[in-house]
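The values are calculated or read from the model by the stated rules, or taken from the named source; none is laboratory data. What you are looking at is a predicted structure, and each value in this text was computed from that prediction instead of being measured. All Cβ positions, even for glycine, are placed from backbone atoms using ideal geometry, and neighbour counts span all protein chains on display.
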């Protein structure tokens, strides 16, 4: 069976596709191609792409020289780090909005008053689903007088229905909040 000629016959639905090119059909394609020379911008038939335009370069247009201090591209070995979609201060602000009132009402200093600003550091991890990892919660203080207050903060925070901000969903965020906050 001969392959159909492109110039004379249209292929039928039953025509088999040839595994190799038919030299006769290829010859007909080349013969039917236009014989005119391609339009070009150069006098010798070549294009002017990449040739000098005759316009002097200014300092602004010159590419910057490579810096020796520029970082080299490539892979860096080590554990991957995932950053939350929000900045840490934004996450801390959202955490304070949810926990400040409850902690200020129940966790007071030894004198019955709220402790001084930034006395207790509350650290926790927000999981990708927005919940708190219970094993990551810690409340510490550098002042021995407020250790009982730090334990209260840990106990009360663990009982709160805290949810991470929506923007932190699908990422893990390690949060450190100082309590009571001054902002």
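Quick look at the values:
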| item | result |
| --- | --- |
| Residues (at pLDDT below 85 and buried (at least 19 other Cβ atoms within 10 Å of the Cβ)) located in segment 119-129 | 126 |
| Given (1) modelled with pLDDT under 90; (2) surrounded by 13 or more Cβ atoms within 10 Å (Cβ to Cβ); (3) touching a helix residue (DSSP H, G or I) at 6+ places or on another chain (Cβ under 7 Å), number of the condition residue 132 does not satisfy | (3) |
| Tabulated pairs, segment 133-151, first free of Cβ contacts under 8 Å to residues at least 12 places away in the same chain, second part of a strand (DSSP E or B) and loosely packed, with under 12 Cβ neighbours inside 10 Å, C-beta under 7 angstrom, 6+ apart or interchain | none |
| Residue that is modelled with the highest pLDDT, among those in segment 71-118 that are in contact with a strand residue (DSSP E or B) (Cβ under 6 Å, 6 or more places away or on another chain) and either over 15 Å from residue 181 (Cβ atoms) or in a loop (DSSP other than H, G, I, E, B) (or both) | 118 |
